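One structure is given below, encoded as structure tokens.
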Amino acid sequence: MNSQKNFHKRPLSPKVRRHRRKRRLVLAGIAVLLAALVVVLVLLIRGCTTGGSGNGSSAATTASTTASTTAATTTAATTGTTAPTTPPDAGVDDSYFDDACFIGDSRTEAFMLYAGPANATYFASKGLSISKVFSDKTVELDGQALSVSDALGKRQFGKVYIMLGLNELGWAYPQIFADRVGDLVDRIQETSPEAQIFVQSILPVTQTKSEGDQYINNPRILQYNELLQELCREKQVAYLNVREAVEDENGCLPDEATSDEVHLNKTYCLKWLDYLKTHTDAAAYVPTQAAAETTPAAESAAPTQNAG
């Protein structure tokens, strides 16, 4: 018993101690490597999780942006306004309009008087409506009294700008107005096949005028502009939302812009011209979204009143 006891108490040899120390070092090294591996795995898992969250956030942001854009487009279609499909052009000078023809009512007459380029052609007259374009001899050309439709057959134009609708706001069936504007577009394409055609939005009236008039009011104008947008989409011609050059934050014509709540003064006619000078690429302003549904066409009633 004593010998065994003495045996267990016998000091370890240097060789054995070295072997055990070496084994402990190896085990410690393995432990360190395992710990490092665990840390690396944790970091990788955490990185993947963060990346996934980032992608999800990006996807959510993209979806949100898409939804917002869709909502804005829908709102534009139902309000008669469209954001330009391209940024405004750099701008042109008055000579750009040397081969242009402006067709419109008294608002276009005021534009011609206060801001219109001198070398452009104007088939504009007070009280002009889309029906009178084809029937009334409102144009004096080469010593002849002609309708706008007939006058278009006498000249070739590189650009034609249309602004009509103010005097048609009292029509019982607005779709007839849009259909007749479509006939005018067809006539222009027949007589000046190379012309760029710009259908301009109907400009708003003041808030006071809008609230006090049964027909000449801004909701009615928006309805007609929706029809014009849809027409331009069908005909593949430009729709210029010129109202955004003169309207206030509420979509009304500012009081400072007019002396009679309807027609523009010189300052605002110049704003109108500046808009045309920076929106010259007709192809860029062809609507790609259908406008809101409108009342089916039927026989039109005569305009209730003429405002321009």
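Miscellaneous remarks
- If only the Cβ of Lys and Arg carry +1 and only the Cβ of Asp and Glu carry -1, the dipole of region 80-285 around its Cα centre is close to 340 debye.
- When the pairs K132/K209; K159/K277; K137/K277; K132/K277; K159/K235; K132/K271 are compared against a 23 Å limit on Cα-Cα distance, K132/K209; K137/K277; K132/K277; K132/K271 fall above it.
- Point-to-point label distance, K22-D183, nm (Cα→Cβ direction, 7 Å offset): 10.9
- Sequence ranges 92-101, 226-235, ranked by mean other-Cβ count within 10 angstrom, highest first: 226-235, 92-101
- For the peptides 165-177, 22-34, the ranking by mean Cβ contacts within 10 Å, running from highest to lowest, is 165-177, 22-34.
- Residue order for V39, V133, fewest other beta carbons within 10 angstrom first, comes to V39, V133.
Only the coordinates and a few stated rules stand behind these numbers; no lab work does. These numbers come from a predicted model, not from an experiment. Backbone-built Cβ (ideal geometry, glycine too); neighbour counts: all protein chains shown.
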